[in-house]
Structures are given as structure tokens and as C-alpha cells.
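Asker: Mind looking over this structure? Questions follow.
The values are calculated or read from the model by the stated rules, or taken from the named source; none is laboratory data. Everything numeric here is computed off the predicted structure, so don't read it as measured data. When we count neighbours, we look across all protein chains shown, and the Cβ atoms used for this are built from the backbone with ideal geometry, even at glycine. To get the accessible areas, we keep the full protein, side chains included, count just its heavy atoms, and leave off ligands, DNA and RNA. Shrake-Rupley method; radii C 1.70, N 1.55, O 1.52, S 1.80 Å.
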Amino acid sequence: MCGIFGYVGKSAEPDFIIKNLKKIDYRGYDSAGLSVINYGQIKTVKSVGRVDKLTQKVGDLKPSLTGIGHTRWATHGEPSDINSHPHLSSNSKIAIVHNGIIENYKKLKSDLIKKGYQFVSQTDSEVIANLVASYYKENDFIEAVKKAVADLEGSYAVAVINQDQPEQIVAFASQSPLILGLADDFKLLSSDVISIVKYTDQVHYMNENELAVLTKDKVEIVDIKTNQTIDYKVDKLTQTAEAAELGQFADFTSKEIYSEPAVIKTILDQYQEGDDLNLAFSKNFNKIVISACGTAYHAGLIGKHYLENVANIPVSVELASEFNYKKVFIDDQTLFIAISQSGETRDTLNAMLKAKQIGAECLALVNVIGSQIARKADYVVYTLAGTEVGVASTKAYLSQTLSLLLIAQKLAGKSPVKDVSKLPDQIKQVLRTEDQVKKLASQIAKQNVVFFTGRGVDLNTADEAALKLKELSYINTFAIGSGELKHGTIALIDQKTTAIAILTQPNIVEKTLSNLKEINARDGKIIIVTNLDHDFSDLTSDVIKIPKVDPYLAPILSIIPLQLLAYHTAKLLDRDVDKPRNLAKAVTVE
Ligand code: AGP
């Protein structure tokens, strides 16, 4: 999952592309590149590593009326200069940037090689440039691109420039996000509105079978299937450019953790404890299936607790990547909930499309407005967290968890949870544990084995806490049910082991305490996150106290010190907290 950006019509320095690529490089940061047209020729610079590397390379490139750029998450071919985008046709007349995977690239490549086209990279994407060039021999350029699109299989968002038409970009997308920015005297395209919102709030979200021709003054879109010009939909952005700025924060991850009180307040103000969730379900459902990936999946596990206990409907939570290839028990009485921050995660989108095909009604719980999962669902609830740039999801997880509670209340027609409105202030209280957490992070960074434990909904919080520590600090950790420990994992425990226990549910605290005593008995160190008034001094002095809240709300608070713990442990280990290695913010490939 890469990020692509392009502009046409405004004479701009190469730096204009670099600046806006930086805003989307959370989508992939293995390499970057850009192409502009100078004096009728395509000039390209690209480099392995971060976007910044391009600044040293753009030396003699001149301002250009047209430019495209790319930031990469490697799928085919290792991160290298040669595998970086943009890719050029053999005759260097055509340049392309691509996000997605061309599944039939091997066949297309061998056919083109037989026709004398050369390839320099290991990527699937390079085939697009030579395919367009091969059709451009006998067709006009737009026709050549259309013919090339017809040959492609897989997922793609692509921008193409041609040195013969220096004031035009051609773009198309299928199963990959691509947004057009419709500023008055220039036009933009990007994988994310975050690099468009500063210049215009007028956008078009590209749909399947659309081919767009962008020039200075207009964007023309044709339907590739019917060859008809389309009167396309223009949306007004509500996001702000501020989201892409760090403000007083050192990084986006800490900025986003500290924005959690405001995010939760926005949801409560907007959705009024569920009453204003615009969800007019057409029927009563006898089953709910939730599907998602990573952090969103963990929010789904907490959602199951809410939906089963508040709405009294049986819920199964499915890993989307597994759901797509297994037998599923879904029918037209099933409500399928797809949870996704980006709204673009391929596995989750596929799972929703599969459930829809079988007859389920689909609710998208997403954060990115206008994203594919939102556009293809029957119902949408936006989690209103604002743009989340840090690759490790923090504020979006909190907003997903609270939104699931509000959906449960909506389905139940009642709200058994007390004092929800106090949450924003209680989150501010929890954030004040940061200094204590920072001290504990130095302990965690030195341990051999660190694991998270709890029972019931606290185990779900432990799952998410473990993922945060893994992806931010690269420490190998796991979550395990406290009751499950004695069935094997307890063998790991010695004095170089730290167990981080979450205890927020009064009905099961005694059971968890006895399991912690088993850890203590084997010299394991214990850190406790709790809102309960128990004396833990016989187990540990490292107790992170969070405010007393309704047990349903506890998971929304108890994860925050653990987000901070992962963050500070990563900082201590000098990790890049916003862009952890090997990751990307939106996983748009299977
Ligand atoms: C979370 O911190 C990770 N970045 C990752 O697990 C993420 O939750 C997962 O890829 C799902 O993303 P989505 O919410 O955008 O669908």
C-alpha cells in the first residue's frame, strides 16, 4: 500500500510534490520518487528510503506544470532505487505511479518482452508504463490508457503522464483509493485527502471503471465500460489541514493519544449516547458478525462484549483475512459490521463484500470519510477521530470502542451505562499517569519476557496493548487469559519476566488475583492497571490507577496507559514511533 500524489496546471517546484508526499508517507516508506516534465521531457528522481531523500536529488529539476510522486510499501521487489516509482516506459516517454497489485503482471510482462519492451525493475507496476506505450503506438493517448486498463487484473490506483501532453495527467482506480482535488486553477490527485485539503475542499472520490483526464481548468471523467463522459459527484471535505501538522507535539502518535479527550467528546456530542446514530435498520437481526484486522479487530472483541451484554444479540468476531477463505454462517438476518480506521483495508473490504453477497446487511464503522468500505456498505457510522497519521492506531481504537457501545445501545433501545459524559475528563485524568508510565517503560525495555494478561473484556484490552508494544517497540510480547497461564505459558516466568495485568471488572477480579499470585510465586514482576479499590501491595507496588467508571467504560480508559507505555518504551529504544519498520497505515493488499 503506497501513496500516490499528482498535480497539473500550476507551475510548481519539485518540492511541492515532496511536501505533499510527506503527508501521505505513512502509507509506505520503503522508497519514494517523482517525475516532472521539463522542456518536453520526463525527468525523474527516486530513492530508496524516506521522502526526504528526494530533496537531495532534485538538484537541476525545473518547476513544472505537471508532476507525479510516489511513496512505497514494497510488495514486489525489495526496497531499492530501481524498484522505486515512478516507472517509465522503455522509451522514457511515459511515467506512471501505482498503488495496489497487478496480479497478472507476469503474463503481461512476458508478452511485452516478446514485443521488444525492456524492463529494469522487479515490480509488478512497471508493466503499466510499457503496456500504455504499446497501445500508444496505434491509438491516441487516452485510448491507449483505456486499452491498457482493460488488460489489468488486481487492485490499482494509477496516475500516468506523457511527455507529448505535458499539461495533462490521466488517472484510474480499481479497489484502491484515489481522490481528485478540484482547485480552481490547478488539479490534484492523491491517495488521501490529507495532501489535498490545504488547497481545496472540493474533491471527487474515484470509482471503479472511471478514467479521469486532469488538465489545468477541468477534470473529465469517462466510464471505461460505456465510453460515456460521466457527470461525476463532487464532495466537500470536512477535514482540516491542521490534521497534517504536528503543532507542539514531537510526533503524531503522542499528538493523537493526547487528542483522545476531544475525540471522545466529539462522538458523545455528535451521537448523543447513540440516539443520533443515523442507523435506521430495516429489520431486527438475530446475529451479528464483526470482521476487521489488527487494532480494529481488537475493538471488535470489545464490541462483542457490548453487543451481547447490552443488546443481547449473539456476536462472532472474525479476522477478516481468515473470514475470506472459510465457511461462514451468515444469512439475511445477520448484521455484518466491518470495522476499519482507514476504510481501505483490503481484507476487511473483501470480508464485507463476501457477507453482502451472502445476504447480510453491512454496517461500516470507519474513520476515513468517503473511503471504500464506507461507500460500499448499507449503513455507515463514522468514528469522527479525525485524520490518524501515526501508523499505530490509538485515538481511532478508542473511538471505535465507544462507537460500538453506542451502536449496542441503539440496537437495545436503552443505555444501561452511567456517566458516559464524564469520559473526556476521565481520559485527561488517565493521561496524567504519563510520568509513572514513563518510569515503567525503562523497566519494560530491559525485560526478557513481557506479556499482558486479564480476564473477560480485560483480556481484549491486553490483546490490543500487546499489539501496541509489538508494533511500536519491536519487543516480542503477547496477551494471554489469566486463567490460561497455568496451562503452559507459566513456564516462561522467572525474575526477568514482567506481567502487565488489567483488572477493571469487579465480577472476576478475585479470579485474576489468584492467577497473579501464581506469577508472583515464580518471581515474575507484575504491573497492574486498575480502577478497583483493592490492596495489591502483596503483589506489586507498580499500580497504575485509572478513574472509577462503569465497568462497560473501563476498556476505553484502561488501554490509554498501555498506549503510553508502548510509546515511551519505543522512544527509549529510539524507534520511529510514527512509522514503525515494515508497517503502513492502510493495508490495501491481501
Ligand atoms: C494498528 O495499530 C495497526 N496499524 C494495524 O493493525 C491496523 O489496525 C490494521 O491494519 C487495520 O487497519 P484499519 O483499521 O485501517 O482497517
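Asker: Helix 560-572 versus the longest principal axis of the chain: what is the Cα-based angle in degrees, 0 to 90, to the nearest 10?
Answerer: 60 degrees
Asker: Using amide H atoms built 1.01 Å from N in the peptide plane, name the residues 5+ places from I526, or on other chains, whose amide H lies under 5 Å from its own.
Answerer: A499
Asker: Continuing with the same structure: Over all alpha-carbon pairs in the range 1-128, figure out the percentage whose distance exceeds 23 Å.
Answerer: 28 percent
Asker: To one decimal place, what orientation-averaged projected area in nm² is obtained for the convex hull of the Cα set of the range 167-238?
Answerer: Taking a quarter of the hull surface, the average projection is 4.6 nm².
Asker: Return the inverse of the average 1/r over all pairs of distinct C-alpha atoms in the chain, which is the Kirkwood hydrodynamic radius, in Å to one decimal.
Answerer: 25.2 Å
Asker: Additional query: Using a simple spin-label model with points 7 Å from Cα along the Cα→Cβ vector, what separation in nm is obtained for K548 and D151?
Answerer: 7.1 nm
Asker: On full extension of the chain, what length is gained from Q443 through E242, given 0.36 nm per residue of separation minus the C-alpha to C-alpha distance?
Answerer: The span from Q443 to E242 would gain 68.8 nm if fully extended.
Asker: Mean residue ellipticity at 222 nm from the helices of the chain, using -39,500 (n - 2.57) per DSSP H segment of n ≥ 4 over the full residue count, to the nearest 500 deg cm²/dmol?
Answerer: Taking each H run of at least 4 residues, the total per residue is -9500 deg cm²/dmol.
Asker: Take each of the peptides 25-31, 5-11, average the number of other beta-carbon atoms within 10 Å over its residues, and list them starting from the highest.
Answerer: 25-31, 5-11
Asker: Also, I was wondering about something else. Over the range 364-493, one equal point on each Cα, no solvent: what is log10 I(q)/I(0) by the Debye formula at q = 0.14 Å⁻¹?
Answerer: Debye curve over Cα of the range 364-493, log10 I(q)/I(0) at q = 0.14 Å⁻¹: -0.88.
Asker: Can you tell me the FRET efficiency between K414 and Q495 if r is taken as the Cβ-Cβ distance and R0 is 35 Å, rounded to the nearest 0.05?
Answerer: It comes to 0.10.
Asker: When the Karplus curve 6.51 cos²θ - 1.76 cosθ + 1.60 is applied with θ = phi - 60°, which whole-Hz ³J(HN,Hα) does each residue of the range 352-359 get, with x for Gly and Pro?
Answerer: 5, 5, 5, 5, 5, 4, 7, x
Asker: Another question about this same structure. When N counts the residues of the range 5-44, how does its alpha-carbon radius of gyration compare numerically with 2.2 N^0.38 Å, as a ratio?
Answerer: 1.24
Asker: Ok, one more. Jot down the radius of gyration and Dmax of the range 96-161, Cα atoms only, both in angstrom.
Answerer: When restricted to the Cα atoms of the range 96-161, Rg and Dmax are 10.8, 29 Å.
Asker: For the charge dipole of the range 178-280, defined by +1 on Lys and Arg C-beta atoms and -1 on Asp and Glu C-beta atoms about the Cα centroid, which residue among T200, T226, S190 has the Cα displaced farthest towards the positive pole?
Answerer: Towards the positive end, the residue furthest out is T226.
Asker: When every alpha-carbon pair in the range 334-440 is counted, what percent end up more than 23 Å apart?
Answerer: Result for the distance tail: 39 percent.
Asker: Work out from phi, with θ = phi - 60° and the Karplus expression 6.51 cos²θ - 1.76 cosθ + 1.60, the ³J(HN,Hα) of each residue of the range 237-247, listed in order in whole Hz, and give x for Gly and Pro.
Answerer: Working through the residues one at a time gives 6, 9, 5, 10, 5, 4, 4, 8, 9, 7, x Hz.
Asker: What accessible area per residue comes out for the range 240-380, rounded to a whole number of Å², with a 1.4 Å probe?
Answerer: Per-residue accessible area for the range 240-380 comes out at 39 Å².
Asker: Given the C-alpha centroids of the range 570-587 and the range 498-514, what is the distance between them in whole angstrom?
Answerer: 30 Å
Asker: With just the Cα atoms of the range 134-259, tell me how far they stretch along each of the three principal axes, in Å, largest first.
Answerer: 56, 32, 28 Å, listed from the longest principal axis down.
Asker: Round to the nearest 10 and give me the degree value, 0 to 90, for the angle of helix 126-136's Cα axis relative to the longest principal axis of the chain.
Answerer: Around 30 degrees separate the two axes.
Asker: Right, another one. Taking the alpha-carbon centroid of each part, what is the distance from the range 332-387 to the range 407-478 in angstrom?
Answerer: 25 Å
Asker: Karplus couplings for the range 490-498 from phi (6.51 cos²θ - 1.76 cosθ + 1.60, θ = phi - 60°), rounded to Hz, Gly and Pro as x?
Answerer: 4, 4, 6, 7, 8, 5, 9, 10, 10
Asker: Can you send over the carbon and sulfur percentage of the accessible area for the chain, probe radius 1.4 Å, protein chains only?
Answerer: Result for the chain: 49 percent of the exposed heavy-atom area is carbon or sulfur.
Asker: Right, something else. Take K137 and F249, extend 7 Å from each Cα along the Cα→Cβ direction, and tell me the distance between the two endpoints in nm.
Answerer: It works out to 5.3 nm between the two label points.
Asker: Please compute the alpha carbon radius of gyration of the range 244-312, then divide it by the globular-protein estimate 2.2 N^0.38 Å. Two decimals is fine.
Answerer: Working it through for the range 244-312, the quotient is 1.47.
Asker: A further question on this structure: Pop the C-beta distance of Q56 and E590 into the FRET formula with R0 = 30 Å and round what comes out to the nearest 0.05.
Answerer: E between Q56 and E590, to the nearest 0.05, is 0.25.
Asker: For the cross-link pairs K438/K517; K23/K585; K57/K106; K326/K468, which exceed 20 Å when the distance is taken from alpha carbon to alpha carbon?
Answerer: Listed pairs above 20 Å: K438/K517; K57/K106; K326/K468.
Asker: Could you order T229, T348 so the one with the most accessible surface comes first? Probe is 1.4 Å.
Answerer: These residues rank, largest area first, as T229, T348.
Asker: Then there's this: Once amide H atoms are built 1.01 Å from N in the peptide plane, which residues 5 or more positions from K23, or in another chain, come under 5 Å H to H?
Answerer: Excluding prolines and chain starts, which carry no amide H, there are no hits.
Asker: Using only the alpha-carbon atoms of the range 507-590 as identical scatterers, what base-10 log of I(q)/I(0) does the Debye formula give at q = 0.12, 0.26 Å⁻¹?
Answerer: -0.54, -1.27
Asker: How far is helix 434-444 tilted, in degrees, relative to the longest principal axis of the Cα atoms in the chain, given as a value from 0 to 90 rounded to the nearest 10?
Answerer: 90 degrees
Asker: So, R0 is 51 Å and r is the distance between the beta-carbons of I82 and Q228; what FRET efficiency does that work out to, to 0.05?
Answerer: My answer for the efficiency is 0.80.
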